[in-house]
Each structure stands twice: as structure tokens, then as C-alpha cells.
Amino acid sequence: MINNSHTIKEKDFKNHGNESHVTPLVRTHDLAIGYRRKKQHKIVARHIDIALHPGELVCLLGPNGSGKSTLMRTLAGIQPSLSGEVHLKNHPIKAYNQKRLSKELSLVLTERQQTGNLSVYSILTLGRYPYLNWLGQLQEKDKNIIKWAIRETGIAPFINSHIDKLSDGEKQKVMIARALIQETPVIILDEPTAHLDLPNRIGIIRLLKKMARDTGKAILLSTHELDLALQAADAIWLIMPDQSLTTGVPEDLVLNGTFASAFRKEGLQFDDQTGSFKFHEWDGKKTVALHGGKATRIWTVRALEREGYAIASKGDFNIVIRENGADTIWHIEYEDRAYEFSLLEHVIQFLRHPEHREIAENNSIYSTKTLAWEKI
Amino acid sequence: MPEAPALEEIKLPRLLPKITLTIALIAIVFILLILDLALGSVHIPFHEVFNILTGKGSENIAWLKIIESIRLPKAMTAILAGVALSLSGLQMQTLFRNPLAGPSVLGITAGASLGVAIVMLGSGYVTTSYALQQFGVNGSWLIITASTLGSALIFVIVMGVSLRIHDNVVLLIVGIMIANVTIAVVSIWQYFSGPEQIQDYLIWTFGSLSGVTQQHLKVMSIAVSAGILLTFASSKYLNLLLLGENYARSMGLNVRLVKALVIFSTSLMAGAITGFCGPIGFIGIAVPHLSRSIFNTSDHRVLIPMSCLVGAALMLGCDIIAQLPGSQSMLPINSVTSLVGSPVVIWVILKKRNLKAAF
């Protein structure tokens, strides 16, 4: 299946029309990455064929220890490959010296900043280093690029602050602005959303997406945020359990089961309906039959799954959702009784202790004998 | 989403140090220089010091002589030593990303004394301040070369260790150990020397600014100026290193070259000062912290010039204390710098609470 998805993906790229004619900025062929230790090669991943195109936001996914960082370091030219070569703009990356490379490729690293006492603006000016004369003076052009990056990343309110006074999200934006100021066609970010809360995570990914689209930069980032990656990435590179790398458009990888197989080993179930992992494992015992409901249905299912139920056509209980404008009513039949609840909280309480009739009757807005209910 | 502002509306801050603070510091250095020249076992009135400094001379030949051939070289040495040691400490703290690094802590000054001792041993002299003074200009260059090489040797060893050990505290311990080994080697050699030489060596380890003759001063100022120029030239590289080596590399910095540059300039400056004045502690570690806390930045474009001023001022201040105005005796400069330097370090740590974050 893996090989299959791979070939599908390659073909897809070629059918992409205009984009396929754009030469990739970064390209590898049969790359193997890992570490050299005392003449022994410890291979982390192999047979890597990838292409990073201008204007693309690519997310690199894979479990911890699968070699995401190693791949990024190899692509950035920090770490030598074990075999195969990384090509940057059709030249082997080894052929670039440090100075030339810094004008083609910039990095945003995970290592937390220890530089407590630098102002944000000082850090931003460092990004211009590859372009400065030996005196290190900023020219008008340099200042304009710095201003542009400040505006795009929205960090203007704190350019005078010291970096250690900023929140993690603000710090990350500063480091991204610094990479933008370096004016490179390729930006590689190692887990830029780590340590961030959800609004900041979305903000950062949105910013990167916008930068890729507006500036034509190729942006590669590694992340653990599966659902964010699925929504934002133009392409996903997924490191598989067998040390290979599968690439493709996110939706293709979901549909052809690549995600499911990539994480199966970890004991995780990928839900291709929601694009996320199933949190609750069903013990194969409790079932419930659920009828009706539109907007409410998905949340009802979540509540039921959390309680350990699976949805089936015939179940231990029979729940009918009736939506009436903003109000929702859950009908449940049990033994000779039928109840109507207006809150899922009460539904759950009932499911836990169906034998406590008094509680169920107190919670329900209406309850009756089954016979009566059938009449309604 | 709010309307994005036009680029012109974004105001960029200035990177230069605050002008008022800078002028104040320059004034302080100048005042301390005058005080250093005026005060001592013989008190010379301030206006006379002014006249002599501005070339008008003085009626009192003795005062002229005292200032021109004794106090001025000593004050110049103090300024050079303050600047050189501060810049060495600053560069080392940045290079090792360690707030406790400094020429005396990591054994650079010990390496310099080893270099001096080896030259003395090899050429049949003994390490005495008297013998040092007897050397002519060629001898001065020999001493500078030896002490610089000695410093560089220790620096390279510590650097090599730092490549294997990324733990700052461990590196510090290794540096202290290497310094101790170096000092022990010199001590063993001292042990086999006569009692007078041991006494002379002890005097040398106290550190002395007055043992530097005008000839030495010339050589020393050339070496130190070269070091200062190199440090100024590498300020933008040092800033990149503040973000860590990986970032520095990704921005096109040749880290190996910068390390070599820092080793060279630091060894040159610390070596030259130690070779002629003996080991002077605490200036190298205290001044960078003091400058950081005064100017509230780690930016080397600010820190390097300001550390020069703070270092010069602190060293002049120490020298004024060392010559115990009004009395005939002098304190060893090394004890004075430690007396002044240690409280400064403690004060900075207490004030900042978190040295790592401020650093």
C-alpha cells in the first residue's frame, strides 16, 4: 500500500499543470540519513525522494525519534547524508559555502533562546548578516526588509522589548521574522509550534502559509500537529515505521490509508472521518443505536464514545436525537420506560446507572412508560 | 484583521548606546585618570596634573618627573589592563555561552604565566619583576609572545574540551583544573629556585601595574591595541554567537574562524597584560556583567565599547585604592581587584537573580 501511494503521488505531481514545471528548490534522490559513529552507520531513514517547490508549505510528520530533526538537519546542510545527495537549486548542497548557503536557506530551530538580554530589534538585525558589509551597517534596503518582516509577522508592538520578556508565541514570531529578514527562498522550521498554545499554533501556521503563498518561499516545517498539518499543508512528508518517507497531498494520504498505516504500530487508530486519532478505544462490549440528529450527532457520538460505547445499528440502548431549533432532545428507551433529556450530561448519567430510575426521572424533562411513548 | 500599516509607519529603534550614559562614563574615566595621577604617596595638586598632561610642564621638576615617568605609565597600564581584561572576559563569556567564563577562571592567565616562566627558564633568567624590568624592547616582545602563546595553548585545550563537553559547569571545572595544573607546574619550578626568587615570584603573582616601564608600555599597547581592534571587528560575529552556534552557522557565520579570532585576540590581550603585570583577577569576569547590567543589553555593538570604558574606570579606581593615597606603601593590585571585583559579581547576581536570563 505504501509503495502504491507513493507512485500515485508522483504521478499527481506531474499532472499538476503549471506547478510541475517549476524546478524544485530542494530535491533529493535516494537519500539515506542518520549518524556516523566510529565508521558504523546508524541509518534513521532511507530511500528518501523529495522535492520542495517554491510557494509550498510542507509539513514533515512522524513519531518522536523517527528522524524528523535528522532529515531537517540533512536538508539544511548541517549534517552530512549517509548516501545520496541533497540538491539546492540543482547544485549539491555540499558545494555551497556557509555564506552562500545562508542566502538560500534559513532556519528556525527548536533550541530555546538563552539570549536573555537582546532586544527584539537586535535579533532581527542579525538576520541581515549575510548581506552586510564588513562594518555591519544597515542600509536603507536592509531596513525596509526588516520593516516588512515586522509588519508581516505583526511584532511591531514589541520590537523594543527584550526577547526574554516575550511569550513563547511572540518569541517564535520574532525568530520567524528573523528568518524572513534573511531573505532566503527556502525556510526550514524545526517544530515551530512546540511549546505554544492552540491560538498561537494556528497563528504561526497561518502566518507560514501566508508567507509561502505571498512570497513564493518554500517552507518546510516539522510538527506534531496532525490536524493543523492536514488543514494547512500543500504537501505532507510522512516518515513511516519502516524508515521510508511517503509524500503527498494530505487528503490523498488520508484516503489511501497511509496515515492509518503510519501510526498503526503506535497503537493509534486514525479516524479518516475526522482527520484525527481516535482517543477512546472500544472494548467491544457496549453498543448503542443512534438515530437522527445533524449538528448534534457528532457531539453525541463523542460523548458516547468517551463513555465506552460504539455506535451500532442494534445496541444496548436506543437513542433518538430530535433537534428543534436551538433545543435538542435525546429520547432513550430502557426496559419499560422512556426518557427525554435536554442535556448530554443527563444522558451520560442515565447510561452509567440506568437502574436508578429516580435520578433518571429527576433529570428527564419527560418520562413515561414505553407504551405511552410509542404512541407519541 | 486590522489594516496593515505602511512600511514608513514602522519606526526602527537605534542600536547605539545611550549617549548620556556614554558621555558620563567617558567623564568618569577622565576624572579617575586625573585622580590616579594626583593621588599617591606624594600629593600633586590637580591643576598641576592638568598642566603637565596638557604639555605646559610644571615648575616642580620632581612632580613632572613623578607624573611623566612613574604615574602616567602606571595609569596607562591600568587603562590598558582594564580594557584588555574586560574585552577578553566578554569574548570568552560569549564564546563559551557561560556567565562565569573569564581569563583568570578558565586558566588563560595561568597559561600566560607558564609562558613567561618557560622563557625565563629557557634563557637562564628567573621570573622576577626585577628581571622583567631589565629586558629591553626585544625582551618585551619575547615576553609578550611567550605569554600569548601560553594563553593560547591553554585556551585551545579548554576549547577542545568544550567541543566534547557541552555542560557549562563541567567546562568551568575543567578550566579551573587546567589552570591549577598550570600553576602547579610553575610552582614546582619555583620550588627548586632560591628563596629570593620565590619571594619575587610571589610579588609577581600579586600583580603590579608599576613594574611596567615605558618601553614595556609601548610593546604592550601595540599588542593590546591589536587585540582591541580585532574585538571591535568581531562584534557582529559575537552577536550571531549569542543565538547559539547552529543559528550562527545558518546565518553564514564561519564559526571556526570566529573561534580562532577570539582565541587569538583574547590570548594576545590577556597574555600581554599578565606577562607584564602578573595575574590580575576578577576584572575580566566582573566588567562584562557590570556593563550588561548598566546598559541592559547583550548586544556587542554596545557592550564592547562600553566594557572598554567600564574596565578602564574600574581598573583606575582599583589603582587609586592600591596606592593608598597619603601613605608610603602600596597594596598588591590583584588583591584590590579581587576586593572590588568579587562584591561586584555578587551584587550583579543578587540584582539579576537569574544570571542566565540576564546574560
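The values are calculated or read from the model by the stated rules, or taken from the named source; none is laboratory data. All values derive from a computational prediction rather than experimental measurement. Reconstructed Cβ throughout: ideal geometry from the backbone, glycine too, with neighbour counts over all protein chains shown. What goes into the accessible areas is simple: the full protein's heavy atoms, side chains included, and nothing from ligands, DNA or RNA. Shrake-Rupley method; radii C 1.70, N 1.55, O 1.52, S 1.80 Å.
From the list B:72, B:12, B:7, which one is in contact (Cβ under 8 Å) with a residue 24 or more places away in the chain and either open to solvent by less than 60 Å² (accessible area, probe 1.4 Å) or within 14 Å of chain A (Cβ to nearest Cβ) (or both)?
Numbers: B:12 fails: in contact (Cβ under 8 Å) with a residue 24 or more places away in the chain; B:7 fails: in contact (Cβ under 8 Å) with a residue 24 or more places away in the chain.
The conditions single out B:72.
Could you say which residue among A:231, A:273, A:269, A:243 is open to solvent by 10 Å² or more (accessible area, probe 1.4 Å) and either small (Gly, Ala, Ser) or on the phi > 0 side of the Ramachandran plot (or both)?
Details: A:231 fails: either small (Gly, Ala, Ser) or on the phi > 0 side of the Ramachandran plot (or both); A:273 fails: either small (Gly, Ala, Ser) or on the phi > 0 side of the Ramachandran plot (or both); A:269 fails: either small (Gly, Ala, Ser) or on the phi > 0 side of the Ramachandran plot (or both).
From the options A:231, A:273, A:269, A:243, the qualifying one is A:243.
Check residue A:159 against each of (1) under 21 Å from the mean Cα position of the chain (by Cα); (2) within 14 Å of chain B (Cβ to nearest Cβ); (3) β-branched (Val, Ile, Thr); (4) surrounded by 18 or more Cβ atoms within 10 Å (Cβ to Cβ) and name the one condition it does not meet.
Result: residue A:159 passes all but (1).
Applying the selection to the stretch A:51-72, what residues are within 10 Å of residue A:234 (Cα to Cα) and aliphatic (A, V, I, L, M)?
Answer for the stretch A:51-72, where residues must be within 10 Å of residue A:234 (Cα to Cα) and aliphatic (A, V, I, L, M): A:57, A:58.
How many residues are open to solvent by less than 20 Å² (accessible area, probe 1.4 Å) and not hydrophobic (A, V, I, L, M, F, W, C) if we restrict to the stretch B:294-316?
The total comes to 6.
Considering only the stretch A:42-57, I want to know if a residue exists there that is under 26 Å from residue A:170 (Cα atoms), more than 9 Å from every other protein chain (Cβ to nearest Cβ) and crowded, with 20+ Cβ neighbours inside 10 Å. Before the answer, list the steps.
So in the stretch A:42-57, the residues under 26 Å from residue A:170 (Cα atoms) come out as A:55-57.
From what's left, more than 9 Å from every other protein chain (Cβ to nearest Cβ): A:55-57.
Adding the requirement that they be crowded, with 20+ Cβ neighbours inside 10 Å leaves A:56-57.
Checking the stretch A:42-57: at least one residue is under 26 Å from residue A:170 (Cα atoms), more than 9 Å from every other protein chain (Cβ to nearest Cβ) and crowded, with 20+ Cβ neighbours inside 10 Å.
Hey, can you tell me all the residues within the stretch A:65-91 that are open to solvent by 80 Å² or more (accessible area, probe 1.4 Å) and in contact (Cβ under 8 Å) with a residue 60 or more places away in the chain? Step through it out loud before you land on a result.
Taking the stretch A:65-91 and keeping what is open to solvent by 80 Å² or more (accessible area, probe 1.4 Å), we get A:65, A:73, A:80, A:89-91.
Across the stretch A:65-91, the qualifying residues are A:89, A:90.
How about the stretch A:265-376: which helices (runs of 4 or more DSSP H) wholly inside it have at least 3 residues that are within 30 Å of residue A:250 (Cβ to Cβ) and free of Cβ contacts under 8 Å to residues at least 40 places away in the same chain? Spell out the reasoning first.
Values: elements: A:295-306, A:344-352, A:357-363, A:370-375.
Hits in the stretch A:265-376: A:295-306.
Go through (1) in contact with a helix residue (DSSP H, G or I) (Cβ under 7 Å, 6 or more places away or on another chain); (2) more than 9 Å from chain B (Cβ to nearest Cβ); (3) farther than 30 Å from residue A:53 by Cβ for residue A:183 and report which single condition fails.
Exception for residue A:183: condition (3).
Against the definition (open to solvent by 70 Å² or more (accessible area, probe 1.4 Å), among the aliphatic types (A, V, I, L, M) and either at positive phi or outside the structural domain of residue A:244 (by TED's automatic domain parsing) (or both)), how does residue A:338 come out, yes or no?
Working: open to solvent by 70 Å² or more (accessible area, probe 1.4 Å): no; among the aliphatic types (A, V, I, L, M): yes; either at positive phi or outside the structural domain of residue A:244 (by TED's automatic domain parsing) (or both): yes.
No; evaluated as a whole, the condition is false for this residue.
Take residue A:207 and tell me if it is hydrophobic (A, V, I, L, M, F, W, C), under 16 Å from residue A:56 (Cβ atoms) and either open to solvent by 10 Å² or more (accessible area, probe 1.4 Å) or touching a helix residue (DSSP H, G or I) at 6+ places or on another chain (Cβ under 7 Å) (or both).
yes
Please go through the stretch B:27-69 and pick out each residue that is touching a residue at least 60 places away in the same chain (Cβ under 8 Å), part of a helix (DSSP H, G or I) and not small (Gly, Ala, Ser). Spell out how you get there, then give the answer.
Going residue by residue through the stretch B:27-69, those that are touching a residue at least 60 places away in the same chain (Cβ under 8 Å) are B:28-29, B:32-33, B:35-36, B:39-41, B:43, B:69.
Next, only the ones that are part of a helix (DSSP H, G or I) stay: B:28-29, B:32-33, B:35-36, B:69.
B:28, B:29, B:32, B:33, B:35, B:36, listed by residue number.
Matching residues to (1) more than 10 Å from every other protein chain (Cβ to nearest Cβ); (2) surrounded by fewer than 23 Cβ atoms within 10 Å (Cβ to Cβ); (3) modelled with pLDDT under 85:
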site	(1), (2), (3)
A:95	yes, yes, no
A:111	no, yes, yes
A:114	no, yes, yes
A:117	no, yes, yes
A:129	no, yes, no
A:139	yes, yes, no
A:147	no, yes, no
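Could you give every pair whose Cβ atoms fall below 6 Å, whose first residue belongs to the stretch B:259-271 and is touching a residue at least 60 places away in the same chain (Cβ under 8 Å), and whose second residue is surrounded by fewer than 20 Cβ atoms within 10 Å (Cβ to Cβ), counting only separations of at least 6 or pairs across chains?
B:265/B:230
Would you pick out the residues in the stretch B:259-293 that are basic (Lys, Arg) and crowded, with 24+ Cβ neighbours inside 10 Å? Please lay out each step first, then the result.
Quick first cut of the stretch B:259-293, residues basic (Lys, Arg) only: B:259, B:292.
Of everything in the stretch B:259-293, just one residue is basic (Lys, Arg) and crowded, with 24+ Cβ neighbours inside 10 Å, namely B:292.
Just give me the residues in the stretch B:229-247 being in contact (Cβ under 8 Å) with a residue 24 or more places away in the chain, more than 9 Å from every other protein chain (Cβ to nearest Cβ) and open to solvent by 20 Å² or more (accessible area, probe 1.4 Å), in sequence order.
Selection gives B:230, B:232.
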